[in-house]
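Here's the structure, in C-alpha cells; my notes come after.
The values are calculated or read from the model by the stated rules, or taken from the named source; none is laboratory data. Please read these numbers as outputs of a predicted model, since none were measured by experiment. Here Cβ is always computed from backbone atoms with ideal geometry, including for glycine, and neighbour counts include all displayed protein chains.
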Amino acid sequence: MRTLSQALAEATAALSDAAVASPANDARLIAAHLLGVDTMQLFLRGGDPVPGGFAEMVARRVRREPLQHILGVAPFGPLDLVVGPGVFIPRPETEVLADWAVHGLADIARPQVVDLCTGSGALAAYVATERPDARVAAVEKQPSALDYARRNLPQWVELVAGDVTDPAILPQWQGKCDLVVSNPPYVPETPELDPEVYQDPPEAVFAGASGMDVIVAMTETISRLLAAGGRFGVEHDDATSAEVQEVFADHGAFGDIAVLHDLTGRARFVTGSKL
Ligand SMILES: C[S@@+](CC[C@H](N)C(=O)[O-])C[C@H]1O[C@@H](n2cnc3c(N)ncnc32)[C@H](O)[C@@H]1O
C-alpha cells in the first residue's frame with residue numbers, strides 16, 4: 001500500500017518541479033483538507049492510506065491553479081472565506097490592515113465602518129467578527145465577487161453593488177463613518193507576475209498602467225464618507241507608497257497621513273484621518 005507520507009513526498013517533488021513557492025506546505029494542506037484534520041495531525045498519520053482525490057488536487061496545483069480555488073476556501077485571520085474563480089483571493093498581508101482597523105476602533109462604541117472594494121468581503125467580515133456592535137457596509141462592483149461576499153458576510157452587513165469611484169455612493173453613510181478601509185486593485189501593469197495573479201479577476205488586480213487609477217478616484221469618496229476625525233486605511237503596491245501618500249495629502253481633506261508596513265517591513269498601506 002502506498003502511504004500518505006510517500007504520497008506527500010512525491011507531491012512535494014512534483015510541486016517543486018512546477019516552481020510552486022511552498023510545495024511541502026501545499027501538499028500537506030491538500031491532504032489535511034481531504035482528511036478534515038489540522039496539518040499538525042498529519043505527522044501522526046504518515047502510515048495511513050492516501051485520501052481519495054489527493055492525486056487530482058495535486059495535479060491541479062501542479063498546473064498552478066491557486067490552492068485556495070482547489071480547496072474552495074481562503075484563511076483570513078480567524079475566518080475561512082469561501083472563494084473561487086470570479087473573486088480575488090484574500091492575501092495574508094491584508095490581515096495587517098484588518099488588525100490595524102480593529103485596534104483603531106477599540107475606544108469607539110458602535111463604530112460605523114465601510115469597506116470599499118470588498119471582493120470576498122474579507123475586511124468587512126473581519127471587522128464584523130471582531131466588532132459585532134459595529135454598523136458595517138461593504139461596496140463591490142463585480143457581480144461574481146458580490147456572490148462570494150454575500151456568502152462570507154453576516155446578513156446584517158450592508159452589501160452594496162456599486163462603484164467606489166462614484167463619490168455619491170452610500171448617501172446615508174456620508175459624513176458619519178469612523179473608519180473606511182480598502183484593499184483596491186493597485187498592481188502596476190508590469191511583466192513577470194506570478195501565474196497565480198492571473199487567476200484573480202483582472203479588475204481586482206489592475207487599475208491603469210501605474211496601478212493608481214482606483215485609489216486616486218476613491219479619495220473623494222473616502223473624504224465624503226468620513227466624519228471629522230474618522231480614519232482611513234488603504235492598501236497599495238509596494239512600489240507606490242510615496243504616490244499614495246501624496247494623493248491623500250494633496251486632496252486637502254486629510255491629515256495624520258502615515259505609512260503602515262506589512263510583516264516583512266514593506267510599506268503597503270497608507271493611513272490618515274479626516275480633518
Ligand atoms: C484587490 S481586490 C480586494 C478584495 C478584498 N478587499 C480583499 O482584500 O481580499 C479589489 C476588489 O475591488 C473590486 N473593484 C475594482 N474596482 C472597483 C470599483 N471601481 N468599485 C467597486 N469595486 C471595485 C474588484 O472587483 C475586487 O473585488
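Are there any pairs, at least 6 apart or on different chains, whose C-beta atoms fall under 8 Å, with the first in region 212-233 and among the aliphatic types (A, V, I, L, M) and the second part of a helix (DSSP H, G or I), and if so, which?
From region 212-233, the pairs are Met212/Glu243; Met212/Val244; Met212/Val247; Ile215/Val244; Ile215/Val247; Val216/Val247; Leu225/Trp173.
Results for (1) surrounded by fewer than 15 Cβ atoms within 10 Å (Cβ to Cβ); (2) closer than 19 Å to Cys177 by Cα, shown as yes or no for each residue.
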position	(1), (2)
Gly233	no, yes
Gln245	no, no
Phe254	no, yes
Leu263	yes, no
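I need the full set of residues from region 133-159 which are in contact with a strand residue (DSSP E or B) (Cβ under 9 Å, 6 or more places away or on another chain), farther than 23 Å from Thr221 by Cα and within 12 Å of the ligand (Cβ to nearest atom), in order please.
Once the filter is applied, which keeps residues that are in contact with a strand residue (DSSP E or B) (Cβ under 9 Å, 6 or more places away or on another chain), farther than 23 Å from Thr221 by Cα and within 12 Å of the ligand (Cβ to nearest atom), region 133-159 yields Tyr148, Asn152.
For region 185-200, does any single residue satisfy the condition of being modelled with pLDDT under 95 and in a strand (DSSP E or B)?
Yes, the conditions are met somewhere in region 185-200.
Could you check, for region 192-202, whether at least one of its residues is under 17 Å from Val139 (Cα atoms) and either within 9 Å of the ligand (Cβ to nearest atom) or of a type in the set (D, E, K, R) (or both)?
There is at least one residue in region 192-202 that is under 17 Å from Val139 (Cα atoms) and either within 9 Å of the ligand (Cβ to nearest atom) or of a type in the set (D, E, K, R) (or both).
Check Lys176 against each of (1) within 8 Å of the ligand (Cβ to nearest atom); (2) in contact (Cβ under 8 Å) with a residue 60 or more places away in the chain and name the one condition it does not meet.
The one condition Lys176 does not meet is (1).
Please pick out the residue among Gly86, Gly52 that is assigned to a loop (DSSP other than H, G, I, E, B), at positive phi and surrounded by fewer than 22 Cβ atoms within 10 Å (Cβ to Cβ).
Gly86
Any idea which residue in region 244-275 is farthest from His103 (Cα to Cα), counting only those that are among the β-branched types (Val, Ile, Thr) and in contact with a strand residue (DSSP E or B) (Cβ under 8 Å, 6 or more places away or on another chain)? Explain how you work it out, then say what you get.
If we filter region 244-275 for residues that are among the β-branched types (Val, Ile, Thr), which is where we start, we get 244, 247, 257, 259, 264, 270-271.
Retained after the next criterion (residues that are in contact with a strand residue (DSSP E or B) (Cβ under 8 Å, 6 or more places away or on another chain)): 244, 257, 259, 270-271.
Numbers: Val244: 23, Ile257: 17, Val259: 16, Val270: 16, Thr271: 13 Å.
Going through the qualifying residues, I end up with Val244.
Among (1) away from the ligand (no atom under 15 Å from the Cβ); (2) under 20 Å from Trp100 (Cβ atoms); (3) out of contact with any Ser or Thr (no Cβ under 8 Å at 6 or more places or on another chain), where does Ser182 come up short?
(1)
Only one of (1) hydroxyl-bearing (Ser, Thr, Tyr); (2) touching a helix residue (DSSP H, G or I) at 6+ places or on another chain (Cβ under 9 Å); (3) over 18 Å from Thr94 (Cα atoms) fails for Thr271. Which number is that?
Result: Thr271 passes all but (3).
Are any residues in region 17-38 surrounded by 15 or more Cβ atoms within 10 Å (Cβ to Cβ), part of a helix (DSSP H, G or I) and not charged (D, E, K, R), and if so, which ones?
Hits for region 17-38 are Pro23, Ala24, Ala27, Leu29, Ile30, Ala31, Ala32, His33, Leu34, Leu35.
I'd like the full set of residues that are among the hydrophobic types (A, V, I, L, M, F, W, C) and over 17 Å from the mean Cα position of the chain (by Cα), limited to region 236-265.
Within region 236-265, Ala239, Ala242, Val244, Val247, Phe248, Ala249, Ala253, Phe254, Ile257, Ala258, Val259 meet the criteria.
Residues that are crowded, with 18+ Cβ neighbours inside 10 Å, in the same structural domain as Asp250 (by TED's automatic domain parsing) and closer than 21 Å to Gln245 by Cα: does region 137-157 have at least one?
no
Among the listed residues Ala204, Ala242, identify the single one that is assigned to a helix (DSSP H, G or I) and without any contact (Cβ under 8 Å) to a residue 24 or more places away in the chain.
Values: Ala204 fails: without any contact (Cβ under 8 Å) to a residue 24 or more places away in the chain.
Result: Ala242 is the single residue among Ala204, Ala242 that is assigned to a helix (DSSP H, G or I) and without any contact (Cβ under 8 Å) to a residue 24 or more places away in the chain.
Report, by residue number, each residue of region 100-130 that is acidic (Asp, Glu) and within 13 Å of the ligand (Cβ to nearest atom). Don't jump to the end; show me each part of the working.
Within region 100-130, the first condition is being acidic (Asp, Glu), and the residues that meet it are 107, 115, 130.
The answer is Asp115, and nothing else.
Quick check on my filter: what residues within region 149-184 are in contact with a Gly (Cβ under 7 Å, 6 or more places away or on another chain) and part of a helix (DSSP H, G or I)?
Hits for region 149-184 are Ala149, Asn152.
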